[in-house]
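In what follows, a single structure is set out as structure tokens and then discussed.
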Amino acid sequence: MTSSAVTNEAIDSAAIEAFAAHYGERAAHLPPVAIVIAAFNEEGVLGSVVHGLPASLCGLAASVIVVSDGARDATVAEGRAHGALVCDVPVNRGQGAALRLGYRLARAGGARYIVTTDADGQYNPAEMERVLAPVVSGEADFVTGSRKLGSQETKDPVRRLGTWVFAVTISMLTGQRITDSSFGLRAMRAEITGAVRLEQPQYQSAELLIAVLAKGFRVLEVPATIHKRQVGESKKGHNALYGLNFAGVIARTWWRERQRRAPRSAASANRAGGSAGSLPSAAEPLARATSIARATVTGSAPAGDGPAASGGTPRAAGDDPRSAKRT
Ligand SMILES: Nc1nc2c(ncn2[C@@H]2O[C@H](COP(=O)(O)OP(=O)(O)OP(=O)(O)O)[C@@H](O)[C@H]2O)c(=O)[nH]1
Ligand SMILES: [Mg+2]
């Protein structure tokens, strides 16, 4: 392990320990679907985003995990007030590091499916079910929304061109037609996030997509919408910086995965069967995950994954005493 990996692990372990201590049973026994959101200084918008998320998807109960790191505003309190399980990391590391931690918390709590969305309100929660459905039905392992197949609000020609160029590049490199490589609304079987190598601290979407494709998982795109950011600013920098970083991640991930490509037979087995045969177990119990962090979590059987009591029921308000009541 490099020294930065050791530091990252120490930060993750401490955050998992604090999360387990704060939420106890709620964190240890998650419902089947975990909606994971990375949020950095998203006060003023995170609350309404969490509030608008469905309490169940595809007939399965859903919880919301927000990973906030190094927030200098009320992001944490706002997320908790609206019912999200918020992991409050003291150091800012980036969206990639935050999502990785969120995936780990979701797996540790026993979630079977992970859906991601952003904290800035650019994605439509009504489209989540469309993204998750092929994963639940077993048609795909990983589904991403696509603005190219759906719609995008921005008229910025540089953004539009960038999205197209990166999608074409990834399609050529991986051999699978991809129309959008940076869509934040996506769904996957939870164990996939523990089976692929994820290292990017910030610009994570291309790494995740390329790594999932390289492992031979079945990837699907569905039409979806991306709105303009209404509150706050992009955390990724202006177009040129974003584009340069994004291109670098594509090149480095493709090269890395090429070097460590699994034998063709393993990849084909994943593709053909779509089973978790070569995967680690989805549920790395929180107690075990946090044992590194010396956390104490007790509990009995994991929550079942039967249909939620009533589809579309509003999310319950959080455990925070300031919890707002949903209408
Ligand atoms: N925890 C955490 N979340 C982050 C960080 N940077 C960005 N995010 C979150 O990641 C999501 C996407 O970030 P944005 O800045 O909107 O970037 P983007 O959507 O890729 O690009 P834009 O189109 O410019 O908005 C948002 O929910 C951010 O709050 C970070 O350093 N830490
Ligand atoms: Mg955004």
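Computed quantities for the displayed model
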quantity	calculated
In the range 147-168, residue farthest from ligand 2 (Cβ to nearest atom) [restricted to those that are among the polar types (S, T, N, Q) and not in a loop (DSSP other than H, G, I, E, B)]	S151
Residue count for the range 1-59, restricted to those that are more than 22 Å from D118 (Cα to Cα), modelled with pLDDT of 95 or more and part of a loop (DSSP other than H, G, I, E, B)	3
Count of the range 217-242 residues which are among the aromatic types (F, W, Y) and surrounded by 20 or more Cβ atoms within 10 Å (Cβ to Cβ)	1
Restricting the range 123-146 to residues that are within 16 Å of ligand 2 (Cβ to nearest atom) and surrounded by fewer than 22 Cβ atoms within 10 Å (Cβ to Cβ), the residue that is farthest from T75 (Cα to Cα)	E127
Pair list, Cβ under 6 Å, 6 or more apart: the range 217-246 residue over 17 Å from S171 (Cα atoms), other residue among the hydrophobic types (A, V, I, L, M, F, W, C) and away from ligand 1 (no atom under 11 Å from the Cβ)	P223/L149; N239/V158
Count of residues meeting criterion [away from ligand 2 (no atom under 11 Å from the Cβ) and more than 18 Å from V158 (Cβ to Cβ)] in the range 222-246	4
Residue that is farthest from ligand 1 (Cβ to nearest atom) [pool: residues in the range 11-46 that are touching a helix residue (DSSP H, G or I) at 6+ places or on another chain (Cβ under 7 Å) and among the charged types (D, E, K, R)]	D12
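The values are calculated or read from the model by the stated rules, or taken from the named source; none is laboratory data. Keep in mind that this is a model prediction, so the values were computed, not measured. Every residue, glycine as well, gets a Cβ built from its backbone with ideal geometry; the counts of neighbours run over all protein chains shown.
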